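Below: one structure, written as C-alpha cells.
Each value in this text was obtained by applying a stated rule to the coordinates, not by laboratory testing. What you are looking at is a predicted structure, and each value in this text was computed from that prediction instead of being measured. Glycine gets a Cβ as well: all are built from the backbone with ideal geometry, and neighbour counts include every protein chain shown.
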Amino acid sequence: MKIVVCVKQVPDTNEVQINHETGTLIREGVPSIINPDDKNAIEQALKIKDTRDDVSITVLSMGPIQADVALREALAMGVDEAILLSDRAFAGSDTWATATILAAAINKIGNYDIIFCGRQAIDGDTAQVGPEIAEFLNIPQITYVEKLEVESKKVRAHRATEEGYYVIESEYPVLLTAIKELNKPRYPRMRLIHDAYQADANLKIWNCSDIDVDLTQIGVKNSPTNVYKSFVPVREFKGTTLEGTYKEIAEQVVINLHEINLV
C-alpha cells in the first residue's frame, strides 16, 4: 500500500502580527510549523503503517527551500520519504494552482492507494486544496475524517458534521482530509531526528521541470483568486454601567436582554 501525505509549512499563528500600513503578515522572525491538521494526516498514515508490513509513506509539500524543515520533521516521525516542490514558478499560487501542482507531483509518484491531507491550513483556512487535488486526479474524496477503518480494498470513514457524522466507504484510490479529532500526533524519535538531518536523508527536491504541469495554470499570475487585503479587525466594546442594589441590577439586566430578544 502506498500512501501520500500532503503537508504545508505555516507560520505559527500565535506569533503572527499584521503590518498595519501594508495589511500583510509580518513573517520575519516568526517560527514556522507543520500545519496542525497535516500532522494528524501524517499520524494516521503512520498508524496504518504500524499495523501493516506493506505500507510506504511519501510526504509531499510545496514551498521555499526552507520548508525542508517540515519534511525532516515528518521523516523524524517515521515516514519513508519526503518530496519538496520548490520553484519560483510556483510562488504566489492560490489554492487552485497549488492543487494543480500537487496533483501533478502525485501523478509522477504514481500507484498511490490513499492520499491524506489536513482539513485546512491555519494561514488560509480555505479547506480547498485537498478536495481540488481529488478533482484533478479524478478520484473519490472523504473530507473531515474523524475516524477511519482501513480494509484490504476499501476504507470506511466517519465524516464529521455539525450535528454528528456520516459513515462513508470508498475503494482505493481515495483522498481523505483529517481533522484534529482523528488522532493525537506522535513525537519524533531521537534516532529518526538524527537520520532526518543527515545529508543522505530520504528527501528529494523537485522543481518545475520534474513534474508534468501546465505553466499557464500555476503561479501568482495564473491564479484565479488573490488576497485583496489582510487586516486586524477593530473591536469596539460599548458597555453600560448599572447602578442600584443587586436585585435592581439583576432586574435591569433581564429587561435589557429582553429588549434585544436574548431572553
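What size of dipole, in debye to the nearest 20, comes out for region 55-167 about its Cα centre when the only charges are +1 on Lys and Arg C-beta atoms and -1 on Asp and Glu C-beta atoms?
Details: 9 positive and 16 negative charges, 59 e Å.
It comes to approximately 280 debye.
Under 5 Å between amide H atoms, partner at least 5 residues away or on a different chain: which partners does THR126 have, H built in plane at 1.01 Å?
Excluding prolines and chain starts, which carry no amide H, the hits are ALA121.
Suppose R0 equals 45 Å. What FRET efficiency, 1/(1 + (r/R0)^6) with r the Cβ-Cβ distance, do VAL234 and LYS153 give to the nearest 0.05? Please report the intermediate quantities before stating the final value.
Details: r = 54 Å, r/R0 = 1.21.
For VAL234 and LYS153, the calculated efficiency is 0.25.
Towards the positive end of the charge dipole of the chain, with charges on Cβ (+1 Lys, Arg; -1 Asp, Glu), say which of ALA91, ALA41, GLN198 has the farthest Cα.
GLN198
Could you give the nm distance between label points at VAL227 and ASN256, where each point is 7 Å from its Cα heading toward the beta carbon?
With each label placed 7 Å out from Cα toward Cβ, I get 3.8 nm.
To the nearest 20 Debye, how big is the dipole of region 142-263 about its Cα centre, given +1 on the beta carbon of each Lys and Arg and -1 on that of each Asp and Glu?
Roughly 460 debye for region 142-263.
What ranking do 137-149, 46-58 get when scored by the average of other Cβ atoms within 10 Å per residue, highest first? Intermediate values should be presented prior to the final figure.
Working: 137-149: 17.4, 46-58: 15.2.
Top to bottom by mean Cβ count within 10 Å: 137-149, 46-58.
Looking at the chain as a GNM with Cα springs under 10 Å, which of LEU75, LEU102, LEU215 has the largest mean-square fluctuation?
LEU215
Using the Cα centre as the reference, give the magnitude of the dipole from point charges on the C-beta atoms of the chain (Lys, Arg: +1; Asp, Glu: -1; all else neutral), rounded to the nearest 20 debye.
On the way: 27 positive and 39 negative charges, 89 e Å.
I would put it at about 420 debye.
Could the peptides 201-214, 241-254 be put in order, highest first, of the mean number of other beta-carbon atoms found within 10 Å of their residues?
On the way: 201-214: 15.3, 241-254: 10.4.
Averaged packing, sorted descending, gives the order 201-214, 241-254.
Quickly rank 155-162, 65-72 as a protection proxy: mean count of other C-beta atoms within 10 Å, highest first.
65-72, 155-162
Rounded to the nearest 500, what is the chain's calculated 222 nm mean residue ellipticity when only DSSP H runs of at least 4 contribute -39500 (n - 2.57) each, over all residues? Could the numbers behind the result be given before it?
On the way: 6 runs with 71 residues, N = 263.
Value at 222 nm, helices only: -8500 deg cm²/dmol.
Quick one: of the DSSP bridges fully inside the chain, what percent are antiparallel, nearest 5?
Numbers: 17 of 44 bridges.
Rounded to the nearest five, the antiparallel share is 40 percent.
Mind checking which of CYS117, MET77, TYR166 is farthest towards the positive end of the chain's charge dipole, using Cβ charges of +1 (Lys, Arg) and -1 (Asp, Glu) about the Cα centre?
The residue sitting farthest along the positive end of the dipole is MET77.
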